Amino acid sequence: MLLVISDACVLIDIECGDLTSAMFSLSYQFAVPDTLFAEELEEQHAHLLQFGLICKTMSGDLVAEAYSLHQK
């Protein structure tokens with residue numbers, strides 16, 4: 001199963017479009033960095049964990065690599 005690392009904006013937009021159940025029914029795992037979850041999602045979107053959202057501890061190097069891939 002492929003792992004998709006998301007940001008908060010994508011997950012919030014998915015919820016606004018009422019697509020949360022559909023997204024989590026796909027054959028992917030969805031994750032966010034644990035710090036992002038704590039800062040931007042935990043207060044109003046903690047229920048995403050019940051859908052299967054994974055909070056992952058990510059090193060600074062991994063976050064920098066993901067950011068550089070996004071810039072390409």
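Per-residue Karplus couplings for the stretch 18-29, computed as 6.51 cos²θ - 1.76 cosθ + 1.60 with θ equal to phi - 60°, are listed in order as 6, 10, 4, 4, 5, 4, 6, 8, 5, 8, 10, 9 Hz, Gly and Pro entered as x.
Kindly identify the chain as rounded, prolate or oblate by the Cα gyration tensor criterion: order the square roots of the eigenvalues as a ≥ b ≥ c, call it rounded if a/c is under 1.5, otherwise compare a/b with b/c, prolate if a/b is larger, else oblate. In terms of gyration-tensor shape, prolate. Taking Cβ atoms as reference points and 14 Å as the exclusive limit, the residues near Asp13 contribute a net charge of -4, counting Lys and Arg as +1 and Asp and Glu as -1. Here's how it looks for Ile54: its modeled amide H is under 5 Å from those of Phe30, Ala31, Val32, which are all 5 or more places away or on a different chain. Each other residue within a Cβ distance under 12 Å of Val63 adds +1 if Lys or Arg and -1 if Asp or Glu, for a net charge of -3.
Short-range pairs are left out: with C-alpha atoms under 8 Å and at least six residues apart, the relative contact order of the chain is 34 percent. Between 0 and 90 degrees, the angle of helix 60-71 with respect to the longest Cα principal axis of the chain falls at about 80 degrees.
No value in this document is a laboratory result; all are computed from the given coordinates. Just so it is clear, the model here is predicted, and its values are computed rather than measured. All Cβ positions, glycine included, derive from the backbone under ideal geometry; neighbour counts span all protein chains shown.
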